[in-house]
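The values are calculated or read from the model by the stated rules, or taken from the named source; none is laboratory data. For clarity, every value in this text was computed on a predicted model and none was experimentally measured. Reconstructed Cβ throughout: ideal geometry from the backbone, glycine too, with neighbour counts over all protein chains shown. The protein model used for the area step is the full one, side chains on, heavy atoms only, and it has no ligands, DNA or RNA in it. Shrake-Rupley method; radii C 1.70, N 1.55, O 1.52, S 1.80 Å.
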Amino acid sequence: MTLDPPAVGALLGLPASALAGHVVDLADVVPALADLPERLAGCRTWPQRRALVERSLLAGPARHGERDNASELRAMLAALARTARVDEAARRLGCSRRHLSSRVRAECGVTPKEYQRLVRFETARRRLAAVGTAGAGLADVAAASGFADQAHLSREWRAMSGYTPTEWLRAEGPSAR
(Lines give C-alpha, C1' and ligand atoms only; values in the text may rest on other atoms or scores of the structure.)
Protein backbone atom coordinates (compact mmCIF):
# COMPACT_ATOMS: atom_id res chain seq x y z
CA MET A 1 0.00 0.00 0.00
CA THR A 2 1.35 3.40 -0.96
CA LEU A 3 0.20 6.64 0.60
CA ASP A 4 0.73 9.97 -1.10
CA PRO A 5 1.65 12.94 1.11
CA PRO A 6 -1.85 14.50 1.25
CA ALA A 7 -3.28 11.09 2.24
CA VAL A 8 -0.79 10.83 5.11
CA GLY A 9 -2.16 14.08 6.54
CA ALA A 10 -5.75 12.89 6.30
CA LEU A 11 -5.10 9.38 7.60
CA LEU A 12 -2.57 10.12 10.32
CA GLY A 13 -3.32 13.73 11.20
CA LEU A 14 0.16 15.11 10.56
CA PRO A 15 2.16 16.09 7.48
CA ALA A 16 4.34 13.48 5.80
CA SER A 17 7.35 15.68 6.61
CA ALA A 18 6.87 14.83 10.31
CA LEU A 19 7.71 11.21 9.48
CA ALA A 20 10.35 11.75 6.77
CA GLY A 21 13.57 9.98 7.65
CA HIS A 22 12.23 8.47 10.87
CA VAL A 23 11.19 5.04 12.04
CA VAL A 24 8.42 5.48 14.58
CA ASP A 25 6.07 3.33 16.60
CA LEU A 26 2.51 3.39 15.37
CA ALA A 27 1.23 4.17 18.86
CA ASP A 28 3.41 7.31 18.97
CA VAL A 29 1.99 8.59 15.67
CA VAL A 30 -1.65 7.52 15.99
CA PRO A 31 -2.54 6.55 19.57
CA ALA A 32 -5.98 5.37 18.39
CA LEU A 33 -4.21 2.59 16.47
CA ALA A 34 -1.99 1.43 19.33
CA ASP A 35 -3.84 -1.89 19.55
CA LEU A 36 -3.63 -2.60 15.81
CA PRO A 37 -0.67 -5.04 16.07
CA GLU A 38 -2.56 -7.17 18.58
CA ARG A 39 -5.73 -7.11 16.46
CA LEU A 40 -3.67 -8.12 13.41
CA ALA A 41 -2.22 -11.04 15.35
CA GLY A 42 -5.78 -12.23 15.93
CA CYS A 43 -6.55 -12.38 12.21
CA ARG A 44 -6.21 -15.81 10.61
CA THR A 45 -5.75 -14.84 6.94
CA TRP A 46 -3.99 -12.16 4.91
CA PRO A 47 -7.28 -10.88 3.45
CA GLN A 48 -8.57 -10.39 7.03
CA ARG A 49 -5.38 -8.52 7.95
CA ARG A 50 -5.55 -6.31 4.88
CA ALA A 51 -9.22 -5.49 5.55
CA LEU A 52 -8.41 -4.62 9.16
CA VAL A 53 -5.57 -2.29 8.13
CA GLU A 54 -7.73 -0.63 5.48
CA ARG A 55 -10.63 -0.10 7.92
CA SER A 56 -8.26 1.26 10.56
CA LEU A 57 -6.58 3.68 8.18
CA LEU A 58 -9.82 4.81 6.57
CA ALA A 59 -11.10 5.84 9.99
CA GLY A 60 -8.34 8.47 9.97
CA PRO A 61 -10.17 11.08 7.89
CA ALA A 62 -13.11 10.86 10.30
CA ARG A 63 -10.69 11.55 13.18
CA HIS A 64 -8.64 14.26 11.46
CA GLY A 65 -10.48 15.52 8.39
CA GLU A 66 -8.64 16.63 5.29
CA ARG A 67 -6.07 19.35 5.80
CA ASP A 68 -7.12 22.77 4.54
CA ASN A 69 -4.34 22.95 1.98
CA ALA A 70 -4.60 19.40 0.61
CA SER A 71 -5.96 20.42 -2.80
CA GLU A 72 -3.17 22.97 -3.28
CA LEU A 73 -0.57 20.35 -2.30
CA ARG A 74 -2.10 17.79 -4.68
CA ALA A 75 -1.89 20.35 -7.51
CA MET A 76 1.74 21.10 -6.68
CA LEU A 77 2.71 17.43 -6.58
CA ALA A 78 0.85 16.73 -9.83
CA ALA A 79 2.64 19.62 -11.55
CA LEU A 80 5.99 18.35 -10.29
CA ALA A 81 5.19 14.84 -11.53
CA ARG A 82 4.31 16.14 -15.00
CA THR A 83 7.34 18.38 -15.49
CA ALA A 84 11.08 17.83 -15.65
CA ARG A 85 12.01 21.15 -14.05
CA VAL A 86 10.85 22.71 -10.79
CA ASP A 87 10.79 26.18 -12.41
CA GLU A 88 8.38 24.90 -15.04
CA ALA A 89 6.06 23.42 -12.39
CA ALA A 90 6.05 26.72 -10.47
CA ARG A 91 5.28 28.65 -13.67
CA ARG A 92 2.37 26.31 -14.48
CA LEU A 93 1.03 26.73 -10.95
CA GLY A 94 1.39 30.51 -11.04
CA CYS A 95 3.59 30.66 -7.97
CA SER A 96 7.23 31.29 -7.21
CA ARG A 97 9.79 28.51 -7.05
CA ARG A 98 10.44 29.56 -3.44
CA HIS A 99 6.76 29.14 -2.50
CA LEU A 100 6.59 25.76 -4.22
CA SER A 101 9.79 24.61 -2.53
CA SER A 102 8.78 25.71 0.95
CA ARG A 103 5.32 24.10 0.70
CA VAL A 104 6.62 20.79 -0.66
CA ARG A 105 9.41 20.63 1.90
CA ALA A 106 7.05 21.51 4.77
CA GLU A 107 4.45 18.93 3.74
CA CYS A 108 6.57 16.11 2.30
CA GLY A 109 9.96 16.46 3.96
CA VAL A 110 11.79 16.55 0.62
CA THR A 111 12.64 19.24 -1.91
CA PRO A 112 10.64 19.46 -5.14
CA LYS A 113 13.62 18.06 -7.08
CA GLU A 114 13.84 15.11 -4.68
CA TYR A 115 10.10 14.57 -5.08
CA GLN A 116 10.51 14.47 -8.87
CA ARG A 117 13.32 11.95 -8.45
CA LEU A 118 11.08 9.74 -6.27
CA VAL A 119 8.24 9.96 -8.80
CA ARG A 120 10.56 8.92 -11.66
CA PHE A 121 11.88 6.01 -9.59
CA GLU A 122 8.38 4.82 -8.60
CA THR A 123 7.17 5.10 -12.20
CA ALA A 124 10.13 3.05 -13.40
CA ARG A 125 9.65 0.51 -10.60
CA ARG A 126 6.01 -0.04 -11.57
CA ARG A 127 6.87 -0.34 -15.26
CA LEU A 128 9.78 -2.68 -14.62
CA ALA A 129 7.70 -4.87 -12.31
CA ALA A 130 4.98 -5.03 -14.97
CA VAL A 131 7.28 -6.14 -17.79
CA GLY A 132 9.40 -8.39 -15.56
CA THR A 133 12.59 -10.09 -16.60
CA ALA A 134 11.15 -11.50 -19.80
CA GLY A 135 10.50 -8.22 -21.56
CA ALA A 136 12.55 -5.73 -19.60
CA GLY A 137 13.54 -3.17 -22.20
CA LEU A 138 15.40 -0.87 -19.83
CA ALA A 139 15.82 1.88 -22.43
CA ASP A 140 12.04 1.89 -23.00
CA VAL A 141 11.34 1.91 -19.25
CA ALA A 142 13.84 4.76 -18.80
CA ALA A 143 12.30 6.87 -21.57
CA ALA A 144 8.72 6.25 -20.42
CA SER A 145 9.63 7.12 -16.81
CA GLY A 146 11.34 10.45 -17.45
CA PHE A 147 14.97 9.42 -17.30
CA ALA A 148 17.41 10.86 -19.84
CA ASP A 149 18.52 7.38 -20.92
CA GLN A 150 19.13 3.84 -19.69
CA ALA A 151 22.42 4.79 -18.00
CA HIS A 152 20.62 7.55 -16.04
CA LEU A 153 17.98 5.02 -14.93
CA SER A 154 20.64 2.53 -13.85
CA ARG A 155 22.63 5.15 -11.85
CA GLU A 156 19.52 6.43 -10.09
CA TRP A 157 18.22 2.92 -9.44
CA ARG A 158 21.49 1.85 -7.83
CA ALA A 159 21.65 5.04 -5.75
CA MET A 160 18.09 4.62 -4.50
CA SER A 161 17.80 0.85 -4.10
CA GLY A 162 21.35 -0.44 -3.87
CA TYR A 163 20.75 -2.63 -6.95
CA THR A 164 20.91 -2.26 -10.70
CA PRO A 165 17.47 -2.65 -12.28
CA THR A 166 18.34 -6.20 -13.42
CA GLU A 167 19.60 -7.18 -9.95
CA TRP A 168 16.43 -5.72 -8.43
CA LEU A 169 14.25 -7.75 -10.76
CA ARG A 170 16.02 -10.94 -9.70
CA ALA A 171 15.94 -10.09 -5.98
CA GLU A 172 12.60 -8.31 -5.54
CA GLY A 173 10.73 -8.31 -8.82
CA PRO A 174 7.62 -10.35 -9.65
CA SER A 175 9.57 -13.52 -10.45
CA ALA A 176 11.31 -13.43 -7.04
CA ARG A 177 7.96 -13.93 -5.31
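Data for the structure
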item: Residue within the range 149-158 that is in contact with a helix residue (DSSP H, G or I) (Cβ under 6 Å, 6 or more places away or on another chain), in a helix (DSSP H, G or I) and open to solvent by 50 Å² or more (accessible area, probe 1.4 Å) present; result: yes
item: Flag for A124 being assigned to a helix (DSSP H, G or I), surrounded by 14 or more Cβ atoms within 10 Å (Cβ to Cβ) and either modelled with pLDDT under 90 or touching a strand residue (DSSP E or B) at 6+ places or on another chain (Cβ under 6 Å) (or both); result: no
item: Entirely in the range 70-109, the helices (runs of 4 or more DSSP H) that have 3 or more residues that are touching a residue at least 24 places away in the same chain (Cβ under 8 Å); result: 70-82, 97-108
item: Lone qualifier among R44, R55 - being farther than 30 Å from L153 by Cβ, of a type outside the set (F, W, Y), open to solvent by 70 Å² or more (accessible area, probe 1.4 Å) and outside any helix (DSSP H, G or I); result: R44
item: Pick from the range 130-148, criterion open to solvent by less than 30 Å² (accessible area, probe 1.4 Å) and at pLDDT below 90, ranking: nearest to E114 (Cα to Cα); result: L138
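Results for (1) under 30 Å from F147 (Cβ atoms); (2) at pLDDT below 95; (3) in contact with a helix residue (DSSP H, G or I) (Cβ under 9 Å, 6 or more places away or on another chain), shown as yes or no for each residue.
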| site | (1), (2), (3) |
| --- | --- |
| W46 | no, yes, no |
| S56 | no, yes, yes |
| N69 | no, yes, yes |
| R74 | yes, yes, yes |
| A79 | yes, no, yes |
| A89 | yes, no, yes |
| C95 | yes, no, yes |
| G109 | yes, yes, yes |
